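Undergrad: Sharing a structure below in structure tokens format, with a few things to ask.
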Amino acid sequence: MPFDRRILFFEWPKSGERYALVGGRSLVVLAWRDGRWDVLHEQKPKTMRGRNDAYSPLVVTDMNEDGRPEIVVHAREEQGEWYGDFTLSLDFAGTWRRIDASIFGSTA
């Protein structure tokens, strides 16, 4: 998967914090702090044989109007042909948590 299709940069207006989301074999959420990128969250596939396109960040929004961002991610099963989407949400403690998954499909 080309790099420009697996990375998403955004700045959250309420906090002014800048983030980067990097997909591919794993999903990484980073924040720009004190002149460097800090890893805030990493999600890896269940097996080491992950696909190059296992995770693709799709959109960042405030789904529930709580003032914190949610990230929608497209995920592909490591070996088969099924796929689906899940959501990461930033909680009050500043931790990214997986909060929901769609019903996974059977074709890409």
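Undergrad: Does anything in region 50-71 have its amide N under 17 Å from the 7 Å Cα→Cβ label point of Ala20, and if so which residues?
TA: The answer is 56-58, whose backbone nitrogens lie closer than 17 Å to the label point.
Undergrad: Go through region 1-43 and name the trypsin sites (Lys or Arg not before Pro) that are in a DSSP coil and have 11 or fewer other Cβ atoms within 10 Å of their Cβ.
TA: Sparse-neighbourhood loop trypsin sites (Lys or Arg not before Pro): Lys14.
Undergrad: Ok, one more. Going 7 Å from the Cα of Asp91 toward and past its Cβ, which residues in region 2-33 have a backbone nitrogen under 18 Å from where you end up?
TA: Within reach of a label on Asp91, which here means backbone N under 18 Å from a point 7 Å along Cα→Cβ, region 2-33 contributes 29.
Undergrad: Read phi for every residue in region 5-11 and hand back ³J(HN,Hα) as whole Hz from Karplus 6.51 cos²θ - 1.76 cosθ + 1.60, θ = phi - 60°, with x for Gly and Pro.
TA: With coefficients 6.51, -1.76 and 1.60, one gets 9, 10, 10, 9, 9, 7, 10 Hz.
Undergrad: Now, a different point. Take the solvent-accessible surface of the protein heavy atoms, probe 1.4 Å, and return the percent of it on region 11-75 that carbon and sulfur atoms account for.
TA: About 48 percent, which is the carbon plus sulfur part of the accessible surface.
The values are calculated or read from the model by the stated rules, or taken from the named source; none is laboratory data. The structure presented is a predicted model; accordingly, all values stated were derived computationally and were not measured. Because the Cβ atoms are built from the backbone with ideal geometry, glycine has one as well, and the counts that use them run over all protein chains shown. For the accessible areas, the whole protein counts, side chains as well, though only heavy atoms, and no ligand, DNA or RNA atoms are used. Shrake-Rupley method; radii C 1.70, N 1.55, O 1.52, S 1.80 Å.
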